[in-house]
Amino acid sequence: MLRLERRAHPSTLMMFASPLIAAVCMLITGYLLFILLGKDPLHAFWIFFIKPLTTAYGIGEWLLKATPLILCGLGLSIGFRASVWNIGAEGQLTMGAIAAGGVALYFHGVEATWVLPLMVCAGVAGGMAWAAIPAFLRTRFHTNEILVSLMLVYVAQLFLGYLVQGPWRDPDGFNFPQTKMFTDAEMLPLLVDGLRTNLAFVIALLLVAVSWFFSHKMFAGFRMQVSGLAPAAARYAGFSEKLNVWLALLIGGGMAGFAGMAEVAGPIGQLQPTISPGYGFAAIIVAFVGRLHPLGVLLASLLMSLLYLGGETAQMNLGLPSAVTGLFQGLLLFYLLAADIFITFRLKSHSRPMEQVRPVDALLPEELI
Amino acid sequence: MSVEQLIPIFASTVAAATPLAYAAFGELVTERSGVLNLGVEGMMLVGAVAGFAVAFHTGSLGLGFAAGMFSGVALALIFAVLTLSLQTNQVATGLALTLFGVGLSAFAGRDYVGVTLGGLQPLTIPLLSDIPFFGPLLFHFDILVYGSIVALFALQWFFGRSRWGLVLRAVGESPASAHAIGYSVIGIRYMAVLFGGAMSGLAGAYLSLAITPLWVEGMTAGRGWIALALVVFGTWKPMRVLLGAYLFGGVTILQFYGQGMGIHIASQLLSMLPYLVTIFVLVLISRNPKTILLNQPMSLGQSYYPHS
């Protein structure tokens, strides 16, 4: 019989192999799913994963959609390393977008170079402020940050809905729930003419490097990792838990806020009731699939962004529901968690030698229970 | 406002509270066994869509509710295999279950958007329902509302009076001790997690078959997360969890009656109330760390592997 046996040391090979195994399992499930839906699976694969990348425009879209995932995923992974479970990146992204949008609307028509940097600052500050709420409540009142950050997602989305349908609605917008379009001075510059990829992607790449430096070379990053892996050791060493919680949430919130700013000052160009197809939640998957490592986050973001893009292409070309994307993303995380078991355990077929190390059970007669 | 006008407000409060109560009861049992399942929202969504789809095709609400429970159990089984047999991190796996449930329900429900069916009707109890005022107030609910009250007493008996309730609590407080005296920690936790799944699935089906008999993508709107908060708010005690559910039911329907009561606030801002109240009560209950420490099952969220 096959059974699990703990490895003497965690397997480094499996650390890297498990995201790949998860991706392959996801593809196999996708293959079966396409057959079930009555599509030619190979054709569907081509439409889903290859066709979007056959044009320069498609590659631009791929990088464009990866940008918010990289930003949110980097921020979340820094928090997750310290076991600070910020799952409200979607709300922080929304508040970043609202803050940046507010600046854009306030200075509407002011064609000055300082407007855009101000919008970036507002976006980062908006996300940070929203993340500061769970940080404050956790450090001051011991309130669970998972539930608080998640609740604030709904609050942020309702607030955005209120703004675009109420005070910030474009008076010349035929009653559509959206604000004025931002002016050119309020939009992030495009990298290449004809593609929608903008400066935010380059900043996201820089932040990959900065995140790596923070978590691998700086003492603050080390402190956070110790608190995540061995909370008792961190306490003994005198590392402040409160500081870690604040850092984790502010970094995560700031990056998500910038992602929100980059969405409204990029592909969207205005505020509207929905500004993200769940990037903040998908970033949770990105962080785990990316092994909470900045480079991993980058690769995972590219994969997840391809799933978004493929979902759209498949909807147009195959009539597949775009919800397939969410299904694939959820499956990917499940498979990853399952594959991760082999980092610390291995499969062994043997005839129960484990019994020898469990004398306590064997000695206890049924009557005693 | 006359007293009679309170009847519909009370009725919708109870209706809004019932799915929260079921989901929170399920999670309560799961957490009492030491397992934190953050996938309630996902299980509710899948329960809602499965319940609706089966009720739509078979024409039977009973089968719909059964399908809701069954799908909740199926999702909980994935969670149980991963966290209990494969020792994965409970927080990460629970989040995965919710994200998966959101995707799966949107995918499975795409054909049912905009379709309606006759929802669950209130029971008419001979004599009792005819009592003036109190009849419509207390004896004009559907069967699952009464079921949630029965569930409350059943849980109180289970935890307080039954042998297996004691064993479940022992597993949650000290899995090593429960294992040492010969109980199967993993087996009991499996049961608790699956029960939680069944209750979440039922709660989801109640949303799509009783409260608003239709399917809308993401229709739970965070109720699964509120149910999780309710368990903390109720300090892992069934009675307090149910009271919390009624409190939240009241807050949820306030947005519908707010305009009528002359509160002129934008509907979006009123809709924030349940989420803000959730945060508020969480702060209230966790302000004193001892409250949580004394009531939370000791092994909550920690993996237990007996053979290593």
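The values are calculated or read from the model by the stated rules, or taken from the named source; none is laboratory data. Treat the numbers as computed from the prediction; the structure is a model and nothing was measured. Glycine gets a Cβ as well: all are built from the backbone with ideal geometry, and neighbour counts include every protein chain shown. Heads up: the accessible areas ignore ligands, DNA and RNA and are worked out on the full protein's heavy atoms, side chains in. Shrake-Rupley method; radii C 1.70, N 1.55, O 1.52, S 1.80 Å.
Numerical summary
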{"item": "Euclidean distance of C-alpha centroids, region A:121-190 and region B:79-105, integer Å", "result": "29 Å"}
{"item": "Residue order for A:Cys121, A:Cys72 - accessible surface, 1.4 angstrom probe, largest first", "result": "A:Cys121, A:Cys72"}
{"item": "Estimated buried accessible area (total), pair A and B, 1.4 Å, Å² to nearest 100", "result": "4200 Å²"}
{"item": "Base-10 log of normalised Debye intensity for the protein assembly as shown (one unit scatterer per alpha-carbon) at q = 0.06, 0.08, 0.09, 0.11 Å⁻¹", "result": "-0.35, -0.63, -0.80, -1.21"}
{"item": "Residues of type aspartates and glutamates that A:Lys39 reaches as a straight line, Cα spacing below 18 Å, ignoring anything fewer than 8 places off in the same chain", "result": "A:Glu312, B:Asp111"}
{"item": "Inter-centroid distance (Cα atoms) of region B:186-225 relative to region A:194-221, Å", "result": "40 Å"}
{"item": "Chain B: most fluctuating residue of B:Thr291, B:Thr98, B:Thr220 per GNM, C-alpha cutoff 10 Å", "result": "B:Thr291"}
{"item": "Rounded to 10°, Cα long-axis angle of helix A:324-344 versus longest principal axis of chain A", "result": "30 degrees"}
{"item": "Stretchable slack from B:Asn295 to B:Ala154, in nm (0.36 nm times residue separation minus alpha-carbon distance)", "result": "48.7 nm"}
{"item": "Dmax and Rg, reported as Rg then Dmax, of region B:42-148 (C-alpha, Å)", "result": "18.1, 57"}
{"item": "Total charge dipole magnitude, chain B, about the Cα centre, Cβ charges on Lys, Arg, Asp, Glu only, Debye to nearest 20", "result": "780 debye"}
{"item": "Highest-fluctuation residue, A:Asn144, A:Asn244, A:Asn175 considered, GNM on chain A with Cα pairs under 10 Å", "result": "A:Asn175"}
{"item": "Solvent accessible area, Å² - A:Glu5, 1.4 Å probe, full protein context", "result": "40 Å²"}
{"item": "Top of B:Gly147, B:Gly196, B:Gly204 by mean-square fluctuation, Gaussian network on chain B, Cα under 10 Å", "result": "B:Gly147"}
{"item": "Sites matching chymotrypsin sites (Phe, Trp or Tyr not before Pro) across region A:146-237 that sit in DSSP coil, with at most 11 neighbouring C-beta atoms within 10 Å", "result": "A:Phe174"}
{"item": "Accessible surface ranking that places the most exposed of B:Val113, A:Val115, A:Val202 first, with a 1.4 angstrom probe", "result": "B:Val113, A:Val202, A:Val115"}
{"item": "Surrounding net charge for A:Ala234, when Lys and Arg each add one and Asp and Glu each subtract one, Cβ distance under 11 Å", "result": "+1"}
{"item": "Local net charge near A:Ala220, Cβ-Cβ under 15 Å (Lys/Arg +1, Asp/Glu -1)", "result": "+3"}
{"item": "Mean ellipticity per residue at 222 nm, deg cm²/dmol - from DSSP H runs of n ≥ 4 across the protein assembly as shown, formula -39500 (n - 2.57)", "result": "-22000 deg cm²/dmol"}
{"item": "Of the GluC sites (Glu not before Pro) in region A:89-155, those whose Cβ has at most 11 other Cβ within 10 Å and which sit in DSSP loop", "result": "A:Glu111"}
{"item": "Degrees separating the helix B:185-206 axis from the principal Cα axis of chain B, which is the longest one", "result": "10 degrees"}
{"item": "Longest to shortest principal axis, alpha-carbon extents of region B:3-295, angstrom", "result": "58, 43, 43"}
{"item": "Under Karplus coefficients 6.51, -1.76 and 1.60, residue-wise ³J(HN,Hα) of region A:48-61 in Hz, glycine/proline x", "result": "6, 10, 9, 3, x, 9, 8, 10, 4, 4, x, 5, x, 5"}
{"item": "Hull-based mean projected area of chain A, where the convex hull spans the alpha carbons, in square nanometres", "result": "24.9 nm²"}
{"item": "Computed over region A:49-199, Kirkwood Rh from alpha-carbon pairs, angstrom", "result": "17.3 Å"}
{"item": "Projected area, mean over directions - region A:171-273, Cα convex hull, nm²", "result": "9.4 nm²"}
{"item": "Kirkwood-based shape ratio for region B:198-306, expressed as Rg/Rh from alpha carbons", "result": "1.04"}
{"item": "Nearest-10 value in Å² for the accessible area of A:Asp184, using the 1.4 Å probe", "result": "130 Å²"}
{"item": "By accessible area with a 1.4 Å probe, ligands and nucleic acids excluded, highest first: order of A:Ser322, A:Ser305", "result": "A:Ser322, A:Ser305"}
{"item": "Two-site FRET efficiency, A:Ala8 against B:Arg163, from Cβ-Cβ distance with R₀ of 41 Å, rounded to 0.05", "result": "0.50"}
{"item": "Relative contact order of chain B, defined on C-alpha pairs under 8 angstrom at six or more residues apart (%)", "result": "37 percent"}
{"item": "Contact order normalised by residue count of chain A, Cα under 8 Å, 6+ apart, percent", "result": "34 percent"}
{"item": "A:Ile50 - accessible surface, heavy atoms, 1.4 Å probe, Å² rounded to 10", "result": "90 Å²"}
{"item": "Dipole of region B:3-295, positive end: most advanced residue of B:Ile188, B:Thr252, B:Val167 [Cβ charges, Cα centre]", "result": "B:Val167"}
{"item": "C-alpha long axis of helix A:219-229 to longest principal axis of chain A, angle in °", "result": "50 degrees"}
{"item": "Cα pair distances of region B:135-214 binned at 10 Å [whole percent]", "result": "16, 35, 27, 16, 6, 0"}
